[in-house]
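Derivation of every value follows stated rules applied to the coordinates shown; laboratory data play no part. A quick note: this is a predicted structure, and the numbers were derived from the prediction, not measured. Because the Cβ atoms are built from the backbone with ideal geometry, glycine has one as well, and the counts that use them run over all protein chains shown.
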Amino acid sequence: MTDAVNKIEQPRGPTRRDFLYICTGMATLVGAASFLWPFIDSMQPSADVAAMASVEVDISLIEPGQRITIKWRGKPVFVVYRTDAMLAQAREDDGNPALIDPATDSERAPRPEWLIMVGVCTHLGCIPLGQKDSDPRGPYGGWFCPCHGSIYDASGRVRKGPAPRNLPIPPYAFLDDHRIRIG
Ligand code: FES
């Protein structure tokens, strides 16, 4: 009985060897952190990139019917001030079962006269034509991708592939009636 009791390991405090292990572990962690820091730090956006995370656009000088392109995070963003006729055309196919990527125009443009989209084809990333009056726009009055022939309608919805999805809507907000912030 006495032997059995004596064989039970008693909890012990940290020994000198434990202390050395702990010190070694901490040194390794500190070493790893200082080794990783340049990489972690290089992943932080630089000040100029952070500044481009959002852009403000003065829309007060855009004429009805005009399409302008601004740059946001290195991508073109199409801003269109739509007339009633353009709006009517954009809404014409709301609910059309043939839409490749179904969406209503009001889902894509909550403030209907303004259509704001990333101007990058969802197939392989070309920039669709249609921003200039002289550009080909396809049969739906929208945009035409010259790379492989995708066609987008007046709401930026893809109507003919190979593009699989509509032109994306970036995050944006109206700061007032004359300014929008994108990003
Ligand atoms: S990149 Fe636009 S259709 Fe291929």
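Give the range 154-177 a look and list any residue that's more than 13 Å from the ligand (Cβ to nearest atom) and either farther than 20 Å from K71 by Cβ or of a type in the set (V, I, T) (or both), or say none.
Selection gives A154, S155, R157, I169, D176, D177.
Hey, V80 hits all of (1) touching a helix residue (DSSP H, G or I) at 6+ places or on another chain (Cβ under 8 Å); (2) in contact (Cβ under 8 Å) with a residue 60 or more places away in the chain but one; which does it fall short on?
(2)
Return a yes/no flag: does the range 95-109 have any residue that is under 20 Å from P171 (Cβ atoms) and in contact with a helix residue (DSSP H, G or I) (Cβ under 7 Å, 6 or more places away or on another chain).
Yes, because at least one residue in the range 95-109 is under 20 Å from P171 (Cβ atoms) and in contact with a helix residue (DSSP H, G or I) (Cβ under 7 Å, 6 or more places away or on another chain).
Answer with yes or no whether I180 is part of a strand (DSSP E or B), among the aliphatic types (A, V, I, L, M) and away from the ligand (no atom under 16 Å from the Cβ). Reasoning before the result, please.
Working: part of a strand (DSSP E or B): yes; among the aliphatic types (A, V, I, L, M): yes; away from the ligand (no atom under 16 Å from the Cβ): yes.
So I180 passes the test.
Within the range 123-153, which residues are crowded, with 21+ Cβ neighbours inside 10 Å and within 8 Å of the ligand (Cβ to nearest atom)?
Result: P128, C145, S150.
Which condition does V120 not pass, out of (1) under 25 Å from G183 (Cα atoms); (2) surrounded by 13 or more Cβ atoms within 10 Å (Cβ to Cβ); (3) touching a residue at least 40 places away in the same chain (Cβ under 8 Å); (4) more than 16 Å from the ligand (Cβ to nearest atom), if it passes all the others?
Going through (1) under 25 Å from G183 (Cα atoms); (2) surrounded by 13 or more Cβ atoms within 10 Å (Cβ to Cβ); (3) touching a residue at least 40 places away in the same chain (Cβ under 8 Å); (4) more than 16 Å from the ligand (Cβ to nearest atom) one by one, V120 breaks only (4).
Kindly evaluate A163 against the criterion of being within 27 Å of R181 (Cβ to Cβ) and either surrounded by 14 or more Cβ atoms within 10 Å (Cβ to Cβ) or in contact (Cβ under 8 Å) with a residue 24 or more places away in the chain (or both).
Spelling it out, it is not the case that A163 is within 27 Å of R181 (Cβ to Cβ) and either surrounded by 14 or more Cβ atoms within 10 Å (Cβ to Cβ) or in contact (Cβ under 8 Å) with a residue 24 or more places away in the chain (or both).
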